[in-house]
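What follows is a set of notes on a single structure, which appears directly below.
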Amino acid sequence: MTKAIKILLIEDDVNLADSIVGFLQDFSDVKVVEDGLDGEFEAQEVPYDLVISDLMLPGQDGLTIIKNLREKEIETPVLILTAKSSLDDKIEGFNVGADDYLTKPFYREELLVRVKALLRRSGVFSEDNTIEVGDVLINLENRGVQVHGQAVKLVGKEFDILTYLAQNKNIIITREQIFDRVWGIDSDTTINVVNIYLNNLRRKLEAVGQDNLIKTLRNIGFILEVGE
């Protein structure tokens, strides 16, 4: 089952990467990339909720990855995970745009706490594993949706699209971003599938009184618009 939270881990230590995936997979999908250049490409092309990156990587170092992401105005939170522990290293990491810095070796419990804190800060994670937007309550654990207590039955990608838009409420999301996030850049499906699923999602929301929750901005994208 696809999870609503997506994390990119850029780490060339295979054993460490496997260990991190093992204790983050309960609440997130984790994509592992071992090469820095490939990791930067992945972070640029796919909308992730969090990037965890080593600094010393083949192909491209972690500081350059972060710097290039920020120069392209990609604001995905980044947690540096590295053996470089000097104050100067930490200051440099934050100066190029990292959001947190954790040195190896580390306690897995501390990494988990830091990951959840960054996800909470960006609004994609809550301790009760729910997202509330207006009158809509999304349960990430059981993939259930309710409006005023009334269940709305969404299938697979319908739920994923609603969740992605809710995690980015009041932000314009392009059709390409939805496709890359929900289907993946390697999918053989055509991008037109986004319109099909969005239309189905809208009909189900309209049936419970949520007529204008998801708005279309012609030739721009979509927005789930709710009052603050």
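The values are calculated or read from the model by the stated rules, or taken from the named source; none is laboratory data. Keep in mind that this is a model prediction, so the values were computed, not measured. Note that each Cβ is placed from the backbone with ideal geometry, even for glycine, and that neighbours are counted across all protein chains shown. Just so you know, the surface numbers come from the protein's heavy atoms only, side chains and all, with ligands and any DNA or RNA stripped out. Shrake-Rupley method; radii C 1.70, N 1.55, O 1.52, S 1.80 Å.
Inter-label distance, E141 to S86: 4.6 nm, where each label sits 7 Å from its Cα along the C-beta direction.
Give me the percent of DSSP beta bridges within the chain that run antiparallel, rounded to the nearest 5.
Bridges in the chain that DSSP calls antiparallel: roughly 50 percent.
Comparing D13, D35, D54 in a Gaussian network model of the chain where C-alpha atoms under 10 Å apart are linked, the largest mean-square fluctuation is found at D13. For the stretch 1-157, averaging the sequence separation of C-alpha pairs within contact (under 8 Å, six or more residues apart) and dividing by the residue count gives a relative contact order of 17 percent. Among N195, S122, L112, which residue has its Cα positioned farthest towards the positive end of the charge dipole of the chain, with +1 placed on the Cβ of Lys and Arg, -1 on the Cβ of Asp and Glu, and the dipole taken about the Cα centre? About the Cα centre, the residue reaching furthest to the positive side is N195.
Per residue, the solvent-accessible area of the stretch 165-219 (1.4 Å probe, heavy atoms of protein chains only, all protein chains present) comes to 57 Å². Across Y197, Y107, the residue with the most accessible area heads the list, and the full order at a 1.4 Å probe is Y107, Y197. Derived from the Cα gyration tensor, the three semi-axes of the equivalent ellipsoid of the chain are 33, 18, 16 Å, largest first.
What's the local net charge at L79, with K and R +1, D and E -1, over the other residues with C-beta under 12 Å away? Net charge around L79: -3. Each DSSP beta bridge with both residues in the stretch 55-159 is either parallel or antiparallel, and the antiparallel ones are about 75%.
Can you pull a Stokes-Einstein diffusion coefficient for the stretch 99-174 at 25 °C (0.890 mPa s), Rh from Kirkwood over Cα pairs, as a whole number of µm²/s? Please report the intermediate quantities before stating the final value.
On the way: Rh = 14.1 Å.
Translational diffusion coefficient: 174 µm²/s.
The separation of the stretch 174-228 from the stretch 110-143, counted between C-alpha centres, amounts to 21 Å. For the chain, the Cβ-based charge dipole about the Cα centre amounts to some 960 debye (Lys, Arg positive; Asp, Glu negative; other atoms uncharged). Let a ≥ b ≥ c be the square roots of the eigenvalues of the Cα gyration tensor of the stretch 71-134; is it rounded (a/c under 1.5), or, if not, prolate (a/b larger than b/c) or oblate? The shape class here is oblate.
Quick check: from the Cα gyration tensor, does the stretch 1-88 come out rounded (a/c under 1.5), prolate or oblate? Verdict is oblate for the stretch 1-88. Of the trypsin sites (Lys or Arg not before Pro) in the stretch 29-101, the ones in a loop by DSSP (not H, G, I, E or B) with at most 14 other beta carbons within 10 Å are K72. Going toward the positive end of the dipole of the stretch 145-228, with +1 on Lys and Arg Cβ and -1 on Asp and Glu Cβ, which of I178, A166, N212 do you reach last? Positive-most Cα among the choices belongs to N212.
Dividing the alpha-carbon radius of gyration of the stretch 166-228 by the rule-of-thumb value 2.2 N^0.38 Å gives 1.14. Out of every Cα-Cα pair that the stretch 50-106 contains, those further apart than 18 angstrom amount to 23 percent.
Binning all Cα-Cα separations of the stretch 148-201 at 10 Å, short to long from zero, yields these whole-percent fractions: 23, 55, 19, 3.
Based on the reciprocal of the average 1/r between different C-alpha atoms, the Kirkwood radius for the stretch 120-228 equals 14.2 Å. As a test question: what accessible area, to the nearest 10 Å², does T174 have when a 1.4 Å probe is rolled over all protein chains in place? Rounded to the nearest 10, that gives 40 Å².
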